[in-house]
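Enquirer: This is the structure I want to talk about, given as structure tokens.
The values are calculated or read from the model by the stated rules, or taken from the named source; none is laboratory data. Note that the structure is a prediction, hence the values are computed from the model and not measured. Glycine also receives a Cβ, built like all others from the backbone with ideal geometry; neighbour counts cover every protein chain displayed. For accessibility, only protein heavy atoms count, side chains too; no ligands or nucleic acids. Shrake-Rupley method; radii C 1.70, N 1.55, O 1.52, S 1.80 Å.
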Amino acid sequence: MLLSQKIVNFAIRMPFYFDINILDTIFKGLMIGILASAPMGPVGILCVQRTLNKGRWFGFVTGLGATASDLIYAVITGVGMSFVMDLVNNAQNRFILQVTGSIMLLIFGIISFRSNPTKNMHKSGTVKGSYVHNAVTAFFVTLSNPLIILLFMACFAQMAFIIPDHPFLMLTGYLSIIGGAVLWWFGLTWLIDQIRMKFEDYGIVLINKIIGSIVILVSIIVLMGTVFNLFTIHY
């Protein structure tokens, strides 16, 4: 009787659990994946160059290589932050961490907006190489920049992405990060491929400023929402 009652109770709660937790985690993961991929750093420039010089799919697999490296740093960040979740569960500490995360995102946005990613850009060679070669080189270029962990920390903190003792939710979240990153690289290479004949260095700068502006706007909105308690995040 007790076992059957537990099964019934679980069945009653499961739709609510799925709707609220799974969908919320998927959305957060997609957003984190896009935010982590969007800043026009070395791999972003490499992706644009290869799309222009070699073709769209060479640029896309470059993004996939970067995504694999980003996933490693995302997992490292998540594991590290999971050890301090007892501290974060305190409302005051959580508030401070969320504000700090918003400020860090704002700084990333300002740096992206003010930077000129074409400054040290060089044209790729005419040798295309294989898709695997393009993906692997992008993987190691991204892996050589561990500062991406700071961006993941900011995103994880503000979005309350880490949920201790819920491995299925966290797996879903990490898969969603991959999905968000893949969506970004797919969309970026599609856009560059469509306007390749008119694309110049200024186009890269313009994309970078648009990305920076969006990150700045989002971080300010989230920061104000946190400060004035407009967004309530539950653990």
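Enquirer: Can you tell me how much longer the chain between HIS166 and ILE76 gets when fully stretched, taken as 0.36 nm per residue apart minus their C-alpha distance, in nm with one decimal? Walk me through the numbers on the way to the answer.
Expert: Working: separation 90, 0.36 × 90 = 32.40 nm, distance 1.66 nm.
This chain segment gains 30.7 nm when fully extended.
Enquirer: Would you kindly find the accessible area of ILE210, with a 1.4 Å probe and non-protein molecules such as ligands, DNA and RNA excluded, rounding to the nearest 10 Å²?
Expert: Result for ILE210: roughly 90 Å² accessible.
Enquirer: Once you have the Cα-Cα distance between ALA68 and VAL205, take 0.36 nm times their residue separation minus that, and quote the gain in nm to one decimal. Walk me through the numbers on the way to the answer.
Expert: Numbers: separation 137, 0.36 × 137 = 49.32 nm, distance 2.56 nm.
The ALA68-VAL205 span can extend by a further 46.8 nm.
Enquirer: Report the extension gain between PHE27 and VAL132 in nm, rounded to one decimal, defined as 0.36 nm multiplied by the number of residues separating them, less their alpha carbon distance.
Expert: Value of the extension gain: 34.8 nm.
Enquirer: Just to be sure I understand the model, the point goes 7 Å from the Cα along the line to the Cβ. What's the resulting ILE111 to PHE186 distance in nm?
Expert: Output for this residue pair reads 2.9 nm.
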